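Single-structure report; data block below.
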Amino acid sequence: MQFQKEVEILAPREKVWKFIWDVDRFIACVPGCKDAKTLEEGKKYSATMVEKVGPFKVEFPTNIEVLEREELSHIKAQASGADNKIGSRMKVDLDVHLREQNGKTVLAFVASVDILGKLAALGHGIIKRKADQVLDEFAQAVKKRMEEDA
Amino acid sequence: MLRRFRLEEPGSISEASELLSRFGENAKVYAGGTELLLAMKEGLVQYERLINVKNLKGVSEVTSADGMIRIGALCTHHELETSALLRDKLPSLHKLEQNVANVRVRQSGTLGGNLCFAEPHADPGTLLIALAAKLVAEKSSGKREIAAEDFFVDAYETSLQADELLTEIRIPVPAPQARSAYLKFGYLERPSVGVALAFKLNGGLSDVKVAVGCAGPAPRRVPEAEALLNGKSREEAARSLVEAGAVAGRASQAISDLHGSQDYKEHIVGVLLKRAFQAAAS
C-alpha cells in the first residue's frame, strides 16, 4: 500500500528538522505509538504501535532504522514489527522530504506499508483506510505541534 | 484454535448489561456466533468471557402493533426468511433475509448479531436505513432508540455504548403505496455492493430513501441522491437515475479491495440503483 502526504507548516525548516529528531515529541504525533526508545542516536529506535479497528486490536513492537539522512531535506527510514498474538507483521518504508515554500516548510512523505498475516482477514480496503487515517492524523499532529510552538 | 473462555449465562438483558459493564473489553456478547467465533478461532480477537444471550426471553419474536413491526434482535435469519408477517408486510426485507450468506449462517446467525458486528459487507443494515428502522439499545438503567442511519459508525463499529445491547429492530409498517427493494452484487462470498431504495408511489415519488452498503466501511444513507428523485413523476425519476446513481456511488465511500476497485463499485452502485427502482416501481 502506497501513501503520499504533504503538509504545510508555518515554521522554519531548521525547526521542523530539529523537531523530527526530538524523539519523544515526535513520537507523540504518531497515533497509537508508545514506549519510544533511542537505541542508537540518529540511527536506530524502537517503539510499540497499537492500532484498533472495531474489536480488532494489534500491537506491533517495532524497530525503526534510519537508512539515509540528508541534513535539513531528506530522511529514509524503515520500520518493522510483528504481533505474535495475532500472527501478523508490519513493514513500513518511509521517505520524508522537507522543503521551503513561501516562508513555510512543506513536510512531504511517501510511505509504503505492508501488513501480512491473519490481520489481512479484515480486508485490504479496511486496513488501507486505517493506515491512511493514521498517516493523516500524524501529519496534522506534526503541523499542530509545530505551529503551537512557533 | 479457540482459546479458553468463560461462558456467562445472564438471566436478563439487565444482567447481561451489568456483565458488560463489569468486564469491559474482556467480555463480548455471544448470540449466533457466526462472525464472533470465526474471529476468535482465527485468533483475531480474544475474550476472557462470552456473555451468552441466546436463552434470553422476549427478544426473538416478530410482531406487529401500532403501525410498527418489531423484530427481536435474537431472531435468526432463518426465522426471518420464513416469517409470514415479514413476507406480507416487508417483502423486501423478507427477500433480503432469504439471501443472507448461506443456509448454515442463516440457521444460527441473528439479525441483531449481524448489525452489532457491523461487518462492512453485511446486507441488512443498508435496507434497514432505507426502511427508516429504529434500533433499540438497552442497558440496566434504561433503553433508547437509535435511527438505523446513525447506528453504523465505521467498519466493525456501531454507536452502541459499551454496556448496551441491541434488543429490538423497529420498522414502520409501510403504507399501501410504499415500495422498496434491496439488490446486491458480488462475485466472492460476500457482496461487493448493496443498494436499498424505498419510496412512496402516489402519482409521483415521495419520501424517497436511498442507502448504499458493502462498498465502503459502513452502510450509509444518501440524501443527495434522494433529493434527485423526490417529488418527481415516475418517468422523471427514471431519467434522473443516472445522476442519482453517480451521486450515490461517490457517497458510498467505496474502497478498492478484492471485491473490486473503487471505480467499479461506484459504477455498480448506479446499476443497482437503476435496477432497484425498476423492481420497486413495477
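The values are calculated or read from the model by the stated rules, or taken from the named source; none is laboratory data. Keep in mind that this is a model prediction, so the values were computed, not measured. As a convention, Cβ positions derive from the backbone with ideal geometry for all residues, glycine included, and neighbour counts pool all protein chains shown.
Structural remarks
- Residue count for the stretch A:103-150, restricted to those that are on the phi > 0 side of the Ramachandran plot and within 14 Å of chain B (Cβ to nearest Cβ): 2
- Applying the criterion of being under 22 Å from B:Ala155 (Cβ atoms) and either at pLDDT 90 or above or not in a strand (DSSP E or B) (or both) to the residues of the stretch A:34-55, the residue that is nearest to the chain's Cα centre (by Cα) is A:Met49.
- Restricting B:Ala65, B:Ala84, B:Ala132 to residues that are surrounded by fewer than 24 Cβ atoms within 10 Å (Cβ to Cβ) and either within 14 Å of another protein chain (Cβ to nearest Cβ) or at positive phi (or both) narrows the list to B:Ala132.
- The set of residues in the stretch B:183-211 that are small (Gly, Ala, Ser) and either outside any strand (DSSP E or B) or touching a residue at least 60 places away in the same chain (Cβ under 8 Å) (or both) comprises B:Gly186, B:Ser192, B:Gly194, B:Ala196, B:Ala198, B:Gly203, B:Ala211.
- Count of the stretch A:1-29 residues which are modelled with pLDDT under 90, among the aliphatic types (A, V, I, L, M) and within 13 Å of the chain's Cα centre (by Cα): 3
- Among the residues making up the stretch A:111-150, those that are farther than 27 Å from B:Ala122 by Cα and without any contact (Cβ under 8 Å) to a residue 24 or more places away in the chain are A:Lys144, A:Glu148.
- Taking the conditions (1) under 29 Å from B:Leu258 (Cα atoms); (2) surrounded by 20 or more Cβ atoms within 10 Å (Cβ to Cβ); (3) at pLDDT 95 or above; (4) not β-branched (Val, Ile, Thr) in turn, B:Ala155 satisfies each one other than (3).
- Filter result (within 15 Å of A:Met146 (Cβ to Cβ) and assigned to a strand (DSSP E or B)) within the stretch A:6-33: A:Glu6, A:Val7, A:Glu8, A:Ile9
- Some residue of the stretch B:34-47 being within 19 Å of B:Pro219 (Cβ to Cβ), crowded, with 18+ Cβ neighbours inside 10 Å and either in contact (Cβ under 8 Å) with a residue 40 or more places away in the chain or away from every other protein chain (no Cβ under 14 Å) (or both): yes
- Subset of the stretch A:52-70 (residues that are more than 13 Å from every other protein chain (Cβ to nearest Cβ) and of a type outside the set (Lys, Arg)): A:Phe60, A:Pro61, A:Thr62, A:Asn63, A:Ile64, A:Glu65, A:Val66, A:Leu67, A:Glu68, A:Glu70
- Filtered residue count, the stretch B:48-62, keeping only those that are closer than 18 Å to B:Leu131 by Cα and buried (at least 20 other Cβ atoms within 10 Å of the Cβ): 0
- Residue, farthest from B:Gly213 (Cα to Cα), within the stretch B:135-167, restricted to residues that are within 14 Å of chain A (Cβ to nearest Cβ) and outside any strand (DSSP E or B): B:Ala162
- The lone criterion from (1) buried (at least 21 other Cβ atoms within 10 Å of the Cβ); (2) within 30 Å of B:Ser206 (Cβ to Cβ); (3) among the charged types (D, E, K, R) left unmet by B:Asp150 is number (1).
- Hey, B:Gly213 in the same structural domain as B:Ala251 (by TED's automatic domain parsing) and loosely packed, with under 15 Cβ neighbours inside 10 Å or not: no
- Residues satisfying the stated conditions in the stretch B:1-33, i.e. in a strand (DSSP E or B), over 23 Å from the mean Cα position of the chain (by Cα) and aliphatic (A, V, I, L, M): B:Leu7, B:Ala27
- Restricting the stretch A:66-95 to residues that are among the hydroxyl-bearing types (Ser, Thr, Tyr) and surrounded by 14 or more Cβ atoms within 10 Å (Cβ to Cβ), the residue that is modelled with the highest pLDDT: A:Ser80
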